[in-house]
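Here the structure comes first, spelled out in structure tokens, and everything after it is commentary.
The values are calculated or read from the model by the stated rules, or taken from the named source; none is laboratory data. Just so you know, these numbers come straight off a predicted model, no measurement behind them. Here Cβ is always computed from backbone atoms with ideal geometry, including for glycine, and neighbour counts include all displayed protein chains.
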Amino acid sequence: MSDAPWTATVLTIFPEMFPGPLGFSLAGKALARGLWRLEAVDIRDFATDRHRTVDDAPFGGGAGMVMRPDVVARAVDAVKARGAPGPSIYLSPRGERLHQGIVRELAAGPGVVLLCGRFEGVDERVLEARAFREISIGDFVLSGGELAAMVLIDACVRLLPGVVGDAASLAEESFAQGLLEYPHYTRPAVWEGRKVPDVLLSGHHERIREWRRQKALEITRARRPDLLTTVSATASCADRTRSERREPSSAAAEKTRAEECP
Ligand code: 9D3
């Protein structure tokens with residue numbers, strides 16, 4: 001007897017958008033192998049009128065329409081009653097910003113129930129009454145929550161046991177934790193007059209490791225200095241990161257960094 005797999009239950013007015021990209025590649029193969037489950041539920045099925053209306057004009061006036069609390073509540077209550085596991089999450093531009101710490105937390109649980117907004121948003125009362133957690137995927141404007149839901153699901157699924165086949169990939173990931181990736185090269189060794197760095201052809205594994213570490217630090221410092229913020233300002237790039245990793249300036253800073261690290 002085996003436990004139910006990690007399950008994403010998506011409440012949307014566009015269920016045909018799923019699995020969409022989640023049906024391909026890593027997530028798609030894992031879905032086909034039964035390592036996770038996806039249920040896309042049409043919120044319109046929980047409307048009560050002939051036109052299956054899910055939205056209405058905002059009280060107080062203003063542009064756009066708002067999703068009705070009664071329809072959304074019936075949808076979420078129905079999937080929960082059917083056993084949909086995990087926290088209820090509303091994908092919303094005003095939510096807490098998604099990061100790998102949240103992804104790890106959600107992937108470690110039994111699944112997620114994801115409410116995708118359309119129109120201007122969802123009536124505030126149903127978010128309170130059903131204790132939705134609000135999550136945004138970044139500071140840019142999408143036309144609805146469906147793509148954001150797919151992003152969150154994809155990020156979680158690749159962390160589920162057995163999904164990433166190569167154990168070395170996850171080991172590498174933890175090795176590089178907190179830094180951007182070093183540059184990669186493959187054949188040909190010379191392309192358009194550009195040579196692959198000699199050290200990578202040298203076979204000196206320890207030197208290759210050091211070179212990659214150094215490049216990862218340089219790239220992180222140039223592109224995402226915020227990932228290195230707790231590091232002292234005077235030592236060399238490598239030294240700074242080393243001392244930071246061994247003697248974090250505070251438990252709080254370390255926790256924040258760990259949660260934000262890619
Ligand atoms: C006029 C004010 N707009 C807020 C910025 C309204 C609005 C725009 C876009 C309301 C909803 C949306 C649709 N976006 C999402 O549903 C969404 C989203 C996003 O737009 N950016 C980042 N993360 C997310 S999660 C869901």
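So which residues in the stretch 158-188 are at pLDDT 95 or above, out of contact with any helix residue (DSSP H, G or I) (no Cβ under 8 Å at 6 or more places or on another chain) and not basic (Lys, Arg), if there are any at all?
Residues satisfying the conditions are PRO161, HIS184, THR186, PRO188.
Looking at the stretch 1-26, which of its residues are assigned to a helix (DSSP H, G or I), within 17 Å of the chain's Cα centre (by Cα) and under 21 Å from PRO87 (Cα atoms)?
Correct list: LEU22 only.
Look through ALA149, ALA107, ALA84 and report the one residue that is within 23 Å of PRO15 (Cα to Cα), under 13 Å from the mean Cα position of the chain (by Cα) and away from the ligand (no atom under 16 Å from the Cβ).
Residue meeting the stated conditions: ALA107.
Within the stretch 117-131, does at least one residue satisfy the condition of being within 13 Å of the ligand (Cβ to nearest atom) and under 29 Å from LYS29 (Cβ atoms)?
No; the residues of the stretch 117-131 include none that is within 13 Å of the ligand (Cβ to nearest atom) and under 29 Å from LYS29 (Cβ atoms).
Here is a check on your reading of the model: is ILE102 within 11 Å of the ligand (Cβ to nearest atom) and of a type in the set (A, V, I, L, M, F, W, C)?
Judged against the criteria, ILE102 is not a match.
Would you pick out the residues in the stretch 64-86 that are assigned to a loop (DSSP other than H, G, I, E, B) and either of a type in the set (Asp, Glu) or within 16 Å of VAL122 (Cβ to Cβ) (or both)?
Result: GLY64, MET65, ARG68.
So ALA107 fits all but one of (1) outside any helix (DSSP H, G or I); (2) in contact with a strand residue (DSSP E or B) (Cβ under 9 Å, 6 or more places away or on another chain); what number is the exception?
Evaluating ALA107 over (1) outside any helix (DSSP H, G or I); (2) in contact with a strand residue (DSSP E or B) (Cβ under 9 Å, 6 or more places away or on another chain) leaves (1) as the failure.
Residues that are within 23 Å of the chain's Cα centre (by Cα), of a type in the set (A, V, I, L, M, F, W, C) and more than 14 Å from the ligand (Cβ to nearest atom): does the stretch 40-51 have at least one?
yes
Out of the residues in the stretch 20-67 that are polar (S, T, N, Q) and farther than 19 Å from VAL157 by Cβ, which is surrounded by the most Cβ atoms within 10 Å (Cβ to Cβ)?
Looking at the filtered set, the residue picked out is THR53.
GLY144 versus (1) more than 16 Å from the ligand (Cβ to nearest atom); (2) part of a loop (DSSP other than H, G, I, E, B): which is the lone unmet condition?
Condition (1) is where GLY144 drops out.
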